[in-house]
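Here is the structure we will look at.
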Amino acid sequence: MTVHESVDRHADRNTGQSGGLPGSSGSVPDTEKGAKGDLLEGRSSQKADAVFRGVTVAAGAVIVALIALIAIVLVMQATPSLLANNVNFLTSSEWNTSDPDNMRFGILDMFRVTVLSSLFALFLAVPVSIGIATFLVQYAPARLSRSLSALIDLLAAVPSIIYGMWGLIVLGPLLVPLSTWLNENLGWIFLFGDGNVSIAGGGTIFTAGVVLAIMILPIITSMSRETIRQTPSLHQEAALALGATKWEKIRMTCFPYAKSGMIAGSMLALGRALGETVAVLIILRAASAPGTLSLFDGGFTFASKIASGAAEFNHPLPTGAYIAAGLVLFILTFFVNLIARSVSGGKVNG
């Protein structure tokens, strides 16, 4: 046997063991193993995606169900009191629930005070918050921006009762000269006309609105800051390359891109202002006369009225009257979110 025959037999033996010849009983090639592994991994990934999707859908369904249950419970608890009410619930300013046999309660004044104080706070807080956010992102050095951002975010951690006491004891008296000047010189505007409480002491919607503006300022600033920061650098560089100044760059690129974030932050802050309880309860002075849509009115918001009437929660009918007021506040927050979605166009940014 020649050397060539020995080499050929050795090669044939190795080929048979490796399964290279057709019909051989060797092992499966590596390419087939890889294909099967990829197929198994793909099936496993699809199962994981299906499980994750099911979990997220279930989580969303739970939230929707909870909101629906809250609404149903509020309606069920409020209906007996609304049927026993002897005045119009929506147009009356009277609130007398001490006698279950003669229920007389309406939300007109509470609606006025709640909406007016919240909108006034939003009017004060939005421009200041956007200005602060723009400064922190576009103008301030990195170290100063981080320090100021942390300091502003800490305002959100201050308890409401502290804001209320500060507003009543410190800020209220300080705002009396300004309130008096506005009332005397701009009293022909209904917002600055005579209210149903005295300006002295500062227990008015004007003071409550300023305090609420300070309370919601961190929310708007935080969301505006983050959305402005996410403006693509290419957009900003393109504006500068076309000859825009820094302010023009911010106005033409950053603000349009961050618009929805600013609106979302503002609406979130408005919801916070609408539901604020303790601070408003401490600051606002009770009024004996109906409101006049003046910033120098007193009275109660929905939340502060419910908190002040906790002593009456010992009978189903008076309790249902306050629950009915809470139902209106619940619906009001839905309208606020609906307006926010329509204004922002349902977009996250851009």
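Structure above, values below:
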| read-out | value |
| --- | --- |
| Residue 103 surrounded by 13 or more Cβ atoms within 10 Å (Cβ to Cβ) and either in contact with a Lys or Arg (Cβ under 8 Å, 6 or more places away or on another chain) or of a type in the set (Asp, Glu) (or both) | no |
| Extreme residue, modelled with the lowest pLDDT, among residues of the range 193-216 that are open to solvent by 40 Å² or more (accessible area, probe 1.4 Å) and of a type outside the set (Gly, Ala, Ser) | 194 |
| Per-region count, the range 156-211, residues closer than 26 Å to residue 269 by Cα, of a type in the set (Ser, Thr, Tyr) and either in contact with a Lys or Arg (Cβ under 6 Å, 6 or more places away or on another chain) or not in a helix (DSSP H, G or I) (or both) | 1 |
| Condition broken by residue 231, with the remaining ones in (1) closer than 30 Å to residue 162 by Cα; (2) among the β-branched types (Val, Ile, Thr); (3) part of a loop (DSSP other than H, G, I, E, B) satisfied | (1) |
| Every pair of residues 6+ apart whose Cβ atoms lie under 8 Å, when the first sits in the range 321-338 and is over 28 Å from residue 86 (Cα atoms) while the second is aliphatic (A, V, I, L, M) and open to solvent by 30 Å² or more (accessible area, probe 1.4 Å) | 336/267; 337/267 |
| Within the range 220-244, considering residues that are open to solvent by 40 Å² or more (accessible area, probe 1.4 Å) and under 27 Å from the mean Cα position of the chain (by Cα), the one farthest from residue 254 (Cα to Cα) | 223 |
| Residue match in the range 128-136 (condition: of a type in the set (Ser, Thr, Tyr), closer than 30 Å to residue 245 by Cβ and buried (at least 17 other Cβ atoms within 10 Å of the Cβ)) | yes |
| Test: residue in the range 177-184 that is β-branched (Val, Ile, Thr) and open to solvent by 20 Å² or more (accessible area, probe 1.4 Å) | yes |
| Odd one out for residue 267, checked against (1) open to solvent by less than 10 Å² (accessible area, probe 1.4 Å); (2) among the aliphatic types (A, V, I, L, M); (3) farther than 15 Å from residue 111 by Cβ | (1) |
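The values are calculated or read from the model by the stated rules, or taken from the named source; none is laboratory data. Everything numeric in this text was worked out from a predicted model, so none of it was measured. In this analysis, Cβ positions are derived from the backbone assuming ideal geometry, glycine residues included, and neighbour counts consider all displayed protein chains. Calculation scope for accessible area: heavy atoms of the full protein, side chains included, ligands and nucleic acids excluded. Shrake-Rupley method; radii C 1.70, N 1.55, O 1.52, S 1.80 Å.
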